[in-house]
Every structure is written in C-alpha cells, then in structure tokens.
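The block underneath contains the structure these notes are about, expressed in structure tokens.
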Amino acid sequence: MTRRCPDLGLLPTAPIGSHALPAIYLLALERIGEGNLGETDLREVIEDASQLAILDQERAGLTVVSDGEVRRHDFILSFYGRLGGVRALPPRRRLGPHLYDSTPIYEVEDRLTAPEGLGTVPEFEFASSRSRRPVKVACPGPLTLSQPMRLVGGYRDREELLWDLAGLVNAELRRLVAAGCRFVQVDESSHATYWSSPSRLVELFNRTVEGVEARIGLHLCFGNLRGRPHSPRSYRQVLPGLREARADVLFLEFANREMAEVAEFGRADLPHDLGAGVVDVKSYHRERPEEVAGRLRQVLRHVPVERVWAVPDCGLWETPRWLAVEKLRALTAGAEIVRRELGR
C-alpha cells in the first residue's frame, strides 16, 4: 500500500542522500589519512560537516533533509569495513581517471556478518537532533553493495550472496525505524548492470524492505562515480516490473537524460509516487528556477501533481559545494513556481 505524503505538502523537495563535502572537511580528510586526528577531533570534523550539509539543505528550502552522508566514503566504500567475511584488495587500476575499476575489490571469504550494523543509525540520530524537518536516510541495496565483491568462499553463488546482503540491509532499515526514522530509502545504482530480470530485482528489493514500517523510497540510477554512469541509461525494461515493488516513492533520474522516459513512467501506470530527478548533478551546468519548473511541467503532463516529488537526479557527493547549493536553490524555487501556477 503506497503511503501518500499530504503531510509534506504539494511537490515536496528532498535530497537523494549525499551532500557536497565542504572545503574544511576535505582538508581534514588529508589529515585523517595521515593519522593526525584523534577520536574527538574526528567526531568534531564529521559533525561540523554534517551540520553544514543540513544547514545548506534547510537554507535552500528543502522539505526533507539528510545528514549529507559525510560519514561515508565514496558512497559505499565505508560499509565494507563494517562487514565480517570480506577481505579488501587494492584496485586493479591506479593510473589515469578515477573510475569504477579504480576502487578496491572485496573478496568474500565467508558468510557475511554486520555485528554492529551498517552505521546509518548515527546518521539519523545526529540529523534529527539538528533539524526539525523530516529526515530521510538512504542505505545502499544488496545489488549495489555486491558490485565490488568477488566470491572466493562462503556462498554457492552470487544469488545466495545477494539474499544474505538483503537480510543485512533489512536489519539495518529496521534499526533505523526502531531509532525513530520514518523515511528510509534503498539505493540501487547497479540494477541495470547486475540484474537481467526486473521481477527478480523487485523480489530482492521486497525482501530488503520486508517488515520495515516507514515510508520507503527506492532510488534507481545508473551510477555517479566522478559524475559518470556505469550502465545503459534506460528504465524501459524495468518499469513494468516495478508495479510489485513495495515502495512508496520511486526516485528516478531524468534531468541528465533530457527528461527521457517521463512519458513511459506515466504509461506504466505505477501505483507509486514519483521522485522526479529534475536537477542534473552530473553536469556543471547551473540550472535556473525556470528551467527546473519547465522540467517539472513535463513530468506533470504524465503524472498527477499529488504524486510528484522534486529531487536531484542523484546524490551531490561529486558536485562542488557552491554548485550543489545553487542547484538545490533552483530545485526549490522551480517547485515553488509550479505550485504558484497551480494555485496551490
């Protein structure tokens, strides 16, 4: 049963998850890598960066905020340090542009465990203590977490590994709900690369969110490492199968694809709300509010306004902070233009 969002008003605006890192945190990361920060220093640096992320989002006028995901490293890499049963290996390529073959590989040697969880609960607790706005917490899904993993033991095959990962993410989402989080999101940036059957994707997702009593978002994108995708950028094959996904909101990227497939989403007649990506985080282009409003108008030709969210295409972790802030301001201002046009 899809949970509508009348409590958030018309055309609610939200981040996908991550926020651009401030300069002071980027400088601190160099000291962290050299081992020059103590435990108290590190906590202070992280909390300051998160507070800045929340403040940027609030000043931009977002309806829903996140903690900025500043505690994470390169989207998902910090999660592997919380897993038992894996061994990190160096990247296969170190020279040239930093892309998907420039990140570490994780050999799965035994059954996976996460004895202390995946670390998202402190994100929620901190953000909710600093903001009165609804807080959304995103967690990578099993397909995305499996992306750099290579099986050497512990599992018969990759599918068995995926179902175990789904259980670990499910446990993390339940921890978030128990901590008071009312809006969780599963990020699956690898759906187009690692799964040929949309029905199996949905089955795996539904296992991931089973028993999670909160508003649930599913974010499907095509990768955003250094602003580059890693897979064919089309939802055409997966859209019909998403009907059975137990999500309340589907967050999809449209802006960087010149709003392609918005009409197909409408024709699919899905029961979910649509978190429409109307800001291109993979482009240096700085959108103006009217440009965002124009993209939203395209969405509203195919989806009722009561079912539309206005969001960036993806997280902002690969965007310079000043540009990320400008894009968020354009997002909220563009949504307000459309609200005024609708007289709502």
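The values are calculated or read from the model by the stated rules, or taken from the named source; none is laboratory data. This one's a predicted model, so the numbers in the text were calculated from it and none came from an experiment. So basically every Cβ, Gly included, is an ideal-geometry build from the backbone, and we count neighbours across all protein chains shown.
Descriptive notes on the structure:
- Restricting attention to the stretch 110-126, the residues that are surrounded by 14 or more Cβ atoms within 10 Å (Cβ to Cβ) and closer than 17 Å to GLY154 by Cα add up to 2.
- Residue match in the stretch 63-75 (condition: closer than 15 Å to GLN147 by Cα and either surrounded by 18 or more Cβ atoms within 10 Å (Cβ to Cβ) or at pLDDT 90 or above (or both)): yes
- Set ILE46, ILE54, ILE76: member being in contact (Cβ under 8 Å) with a residue 60 or more places away in the chain, under 20 Å from GLU172 (Cβ atoms) and not small (Gly, Ala, Ser): ILE76
- Failed criterion for SER146 (all others in (1) within 22 Å of PRO91 (Cβ to Cβ); (2) in contact (Cβ under 8 Å) with a residue 24 or more places away in the chain; (3) surrounded by fewer than 19 Cβ atoms within 10 Å (Cβ to Cβ) hold): (3)
- Matching residues, the stretch 164-176, being crowded, with 16+ Cβ neighbours inside 10 Å and of a type in the set (A, V, I, L, M, F, W, C): LEU165, ALA166, LEU168, VAL169, LEU173, LEU176
- Neighbours by Cβ (under 7 Å, 6+ apart or cross-chain): first from the stretch 20-39, of a type in the set (Lys, Arg); second surrounded by 10 or more Cβ atoms within 10 Å (Cβ to Cβ): ARG31/LEU37
- Hey, ASP187 acidic (Asp, Glu) and in contact (Cβ under 8 Å) with a residue 60 or more places away in the chain or not: yes
- Scanning the stretch 105-118 for residues that are in a loop (DSSP other than H, G, I, E, B) and touching a Lys or Arg at 6+ places or on another chain (Cβ under 6 Å) gives ALA114, GLY117, LEU118.
- The listed residue being of a type in the set (Phe, Trp, Tyr) and in contact with an Asp or Glu (Cβ under 7 Å, 6 or more places away or on another chain), out of PHE126, PHE79: PHE126
- Looking only at the stretch 224-254, and only at residues there that are under 16 Å from the mean Cα position of the chain (by Cα) and of a type in the set (Gly, Ala, Ser), the one that is surrounded by the fewest Cβ atoms within 10 Å (Cβ to Cβ): GLY227
- Test: residue in the stretch 214-230 that is modelled with pLDDT of 95 or more, over 30 Å from LEU99 (Cα atoms) and not β-branched (Val, Ile, Thr): yes
- Cross-chain or 6+ apart pairs with Cβ under 7 Å, the stretch 117-142 first and among the charged types (D, E, K, R), then modelled with pLDDT under 95 and surrounded by fewer than 20 Cβ atoms within 10 Å (Cβ to Cβ): GLU123/ARG71
- Enumeration of residues in the stretch 258-296 that are in contact with a strand residue (DSSP E or B) (Cβ under 9 Å, 6 or more places away or on another chain) and among the basic types (Lys, Arg): LYS282, ARG295
- Residue tally, condition free of Cβ contacts under 8 Å to residues at least 60 places away in the same chain and of a type in the set (S, T, N, Q), over the stretch 63-73: 0
For every residue, the table says whether it meets (1) touching a Gly at 6+ places or on another chain (Cβ under 9 Å); (2) buried (at least 17 other Cβ atoms within 10 Å of the Cβ); (3) part of a loop (DSSP other than H, G, I, E, B); (4) modelled with pLDDT under 95.
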{"residue": "PHE265", "(1), (2), (3), (4)": "no, yes, no, no"}
{"residue": "ALA276", "(1), (2), (3), (4)": "no, yes, no, no"}
{"residue": "VAL281", "(1), (2), (3), (4)": "yes, yes, yes, no"}
{"residue": "GLU287", "(1), (2), (3), (4)": "yes, yes, yes, no"}
{"residue": "VAL311", "(1), (2), (3), (4)": "yes, yes, no, no"}
{"residue": "LEU316", "(1), (2), (3), (4)": "yes, yes, yes, no"}
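- Figure legend. Inter-residue proximity from the stretch 328-344: first residues over 17 Å from ASP56 (Cα atoms), second residues of a type in the set (Gly, Ala, Ser) and modelled with pLDDT under 95, beta-carbon distance below 9 Å, spacing 6+ or different chains. Indicated pairs: ARG339/GLY9; ARG344/GLY9.
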